[in-house]
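Q: Below is the structure I would like to discuss, written out as C-alpha cells.
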Amino acid sequence: MTWRLDRLPGPASSTSAAATAFRWHATSPVSGSTSWVSTSRRCEDITVARFPPDSFDAIVAFWSIIHVPVSRQPDLLDRITSWSRPGAWFTATVGATRWTGVERDWLGVTGSSMYWSHTDWPTFRGWLTERGSTIDREEFVPEGGSGHQWVLAQLA
Ligand SMILES: C[S@@+](CC[C@H](N)C(=O)[O-])C[C@H]1O[C@@H](n2cnc3c(N)ncnc32)[C@H](O)[C@@H]1O
C-alpha cells in the first residue's frame, strides 16, 4: 500500500480545522481505489511499534502521544523519523505544558481514569528540530482552562 497526502486550502485555526487540514487517502496499488484514513495502518502499541525505514509519507497522531510516558517520547520520535521518508508529514497533538498524572472519573465516567504524560511545547518542538524536522504550523488548542499543542512538521 502506498500513501498519498493532499493538502486542503485555507488556514487551520482549530482542532477540527487541523484535523481537516489534510485529506488522507490510502491508494491500493492493486485496485487503484482510494479511501479515507480509516483504512490506514494503525499501530497496536506505539511504544514498541517497529516499521521498516522509509515506510510512510505521513504519520498522524492525534491525542495519542500525550498518553505515552514522556520519558519514552524521544525514542518514539526517533522511530517515527526512521519510518518516514525524507520530507514526510508528521501531525500530532502534543503537550503544551509539562504534566504527568492520572485524571479520575475521566469524561464524567465514574471509576474511569486516564493517564497523561507530556512535556511542554518548547521542549517537544526542540526534540523535533534536533531530529532535523521543519515545523510548518504550530497552534495552541484551548480546552477549558488548559489545552494542548497541535503541530504539523516535515520530518527529516
Ligand atoms: C483520547 S484517545 C484519542 C483517540 C483519537 N486519536 C482521537 O483523536 O479522538 C487516546 C488514544 O491514544 C491511544 N494510545 C494511548 N497510548 C497508546 C500506545 N501506547 N499505543 C497506541 N495508541 C495509544 C489510545 O488507544 C486512544 O485511542
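Q: Any idea how many residues of segment 54-78 are more than 9 Å from the ligand (Cβ to nearest atom) and at pLDDT below 95?
A: 6
Table: residues versus (1) over 22 Å from PHE51 (Cβ atoms); (2) in contact with a His (Cβ under 9 Å, 6 or more places away or on another chain).
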{"site": "ASP78", "(1), (2)": "no, no"}
{"site": "SER82", "(1), (2)": "no, no"}
{"site": "ARG85", "(1), (2)": "no, no"}
{"site": "VAL94", "(1), (2)": "no, yes"}
{"site": "ARG104", "(1), (2)": "yes, no"}
{"site": "SER112", "(1), (2)": "yes, no"}
{"site": "ARG131", "(1), (2)": "no, no"}
{"site": "GLU138", "(1), (2)": "yes, no"}
{"site": "TRP150", "(1), (2)": "yes, no"}
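Q: Within segment 44-52, can one find any residue that is in contact (Cβ under 8 Å) with a residue 12 or more places away in the chain, part of a helix (DSSP H, G or I), surrounded by 11 or more Cβ atoms within 10 Å (Cβ to Cβ) and not polar (S, T, N, Q)?
A: Among the residues of segment 44-52, not one is in contact (Cβ under 8 Å) with a residue 12 or more places away in the chain, part of a helix (DSSP H, G or I), surrounded by 11 or more Cβ atoms within 10 Å (Cβ to Cβ) and not polar (S, T, N, Q), which makes the answer no.
Q: Just to check your reading of the model, which residue among THR97, THR91 is touching a residue at least 40 places away in the same chain (Cβ under 8 Å) and surrounded by 15 or more Cβ atoms within 10 Å (Cβ to Cβ)?
A: THR91
Q: Have a look at SER82, SER113 and point out the one that is farther than 21 Å from TRP150 by Cβ and surrounded by 15 or more Cβ atoms within 10 Å (Cβ to Cβ).
A: One residue alone meets the criteria, SER82.
Q: Just need a number here: residues in segment 105-146 that are at negative phi and not in a helix (DSSP H, G or I).
A: Adding up the residues that qualify gives 25.
Q: Output the number of residues of segment 79-103 satisfying the condition of being within 14 Å of the ligand (Cβ to nearest atom) and farther than 11 Å from TRP116 by Cβ.
A: 6
The values are calculated or read from the model by the stated rules, or taken from the named source; none is laboratory data. Since the model is a prediction, treat every value here as computed from it, not as a measurement. Quick reminder, even Gly has a Cβ in these numbers, built from the backbone with ideal geometry, and neighbours come from all protein chains shown.
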